[in-house]
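Below: one structure, written as structure tokens.
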């Protein structure tokens, strides 16, 4: 297996072909995202989910339906359909006499969620590296390259774009495991934690450590080094947890 810095040359043509395929899919999705393709409740669900993940609505904030519907430019009816879906994902909680609020996690719950996330990710990493293809390698390399362009991002839009790529990177890294039940459980955990992680980054403005660990994970994936991939995957989860908890402690009023 060639060194990581040589992989772009080896996989460049394959990656460019994949990029064309992905671009076609994205173009198709953009077309399908019009009002004629997606139901209004689906549009509202996606918009509100994105807003929660990006910190527009903060943990613990009450989601007053009239206000949220007004901000989204819709009636309350599609919002009422979207909120139970977000509750099932753990992003919002229905409070007696208060309505829906953005979910909050105590430090102990964050630690528990990251412990479970680490177990799932390391198991998936072990499986994925044995089944990866050249197309999988090219895809991972391409995403990490795109993430590198945004690693020094300062604008909210660029940081949000980095996080979307981050989700794609982890999915591309672990999808070759072909373990859909594990991946669904992991997706639920990520949804619960994602808004907190993005909030921490907005507080610190630092993506450098995370990006460096992603590069190391990509290199291990390319080189077929299962032990290193599992070790770095575990460390990455722990470091993300630690940064998050430290950021939350610093942000609390004295």
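The values are calculated or read from the model by the stated rules, or taken from the named source; none is laboratory data. It should be emphasised that the depicted structure is a prediction, and the values quoted were computed from it without experimental measurement. Cβ coordinates were reconstructed from backbone atoms using ideal geometry, including for glycine residues, and neighbour counts include every protein chain displayed.
Of all residues in the stretch 106-135, exactly one satisfies the criterion of being buried (at least 19 other Cβ atoms within 10 Å of the Cβ) and part of a loop (DSSP other than H, G, I, E, B), namely 132. Set side by side, the residues 174, 165 differ, and just one is within 17 Å of residue 194 (Cβ to Cβ), at pLDDT 95 or above and in contact with a helix residue (DSSP H, G or I) (Cβ under 6 Å, 6 or more places away or on another chain), which is 174.
Using the structure shown, decide if residue 23 is at pLDDT 80 or above and part of a helix (DSSP H, G or I). For residue 23, the condition - at pLDDT 80 or above and part of a helix (DSSP H, G or I) - is not met. Answer with yes or no whether residue 143 is crowded, with 19+ Cβ neighbours inside 10 Å and in the same structural domain as residue 245 (by TED's automatic domain parsing). Spelling it out, residue 143 is indeed crowded, with 19+ Cβ neighbours inside 10 Å and in the same structural domain as residue 245 (by TED's automatic domain parsing).
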